[in-house]
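The values are calculated or read from the model by the stated rules, or taken from the named source; none is laboratory data. What you see is a predicted model; the values in this text were computed from it and never measured. Cβ sites come from the backbone with ideal geometry, for glycine too, and all protein chains shown count toward neighbours.
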Amino acid sequence: MPTITTFLTFDNQADEAVRHYLSVFETGKILNTMHYGEGAPAPKGSVLSLTFELFGQTFIALNGGSTFTFSQGISLFVSCDSQEQIDRYWSKLTEGGGKEIQCGWLVDRFGVSWQIIPKVLGEMMGDKDPARAGRTMRAMMQMKKLDIAGLRRAYDGEI
């Protein structure tokens, strides 16, 4: 059966980015590293690509040169069980020049867009009661990093 793998093309920071992502998430490993050879557009022996895994999901990171850039039109969605996870991932992914966006979105220092989202948000926003779902949406729209307690207070009508 065919597989679909997320392929991330960096200028020349693939190795640095992968090692950073492995330090952010609890589970992950490098599966393979390829290096440029003779006649390549980069110095012989420098990293061409890394195949790596996070939470069982395979990714490939390539050093492809400055013509490649990332866009917020695609993001990596991280479904979190707790505020502690949200806080940890948010902090680590924004460190060193990352940018907080809105509604749980951020762009890391490499230009990759991430959504750091609590699992419970889907339940709250999908509630059949439009007032509860609407209050949750309004609260989320006011946040950058999502706060589960604040979302819960809005959902319950306490704010």
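Some observations on this one:
- Residue match in the stretch 24-31 (condition: over 15 Å from the mean Cα position of the chain (by Cα) and either basic (Lys, Arg) or surrounded by 13 or more Cβ atoms within 10 Å (Cβ to Cβ) (or both)): yes
- On the stretch given as the stretch 11-50, residues that are acidic (Asp, Glu), within 19 Å of Asp108 (Cβ to Cβ) and outside any helix (DSSP H, G or I) total 2.
- Failed item in (1) touching a residue at least 24 places away in the same chain (Cβ under 8 Å); (2) over 22 Å from Asp81 (Cβ atoms), with Gly104 passing the rest: (2)
- Count of residues meeting criterion [of a type in the set (Val, Ile, Thr), outside the structural domain of Gly122 (by TED's automatic domain parsing) and touching a strand residue (DSSP E or B) at 6+ places or on another chain (Cβ under 6 Å)] in the stretch 48-95: 2
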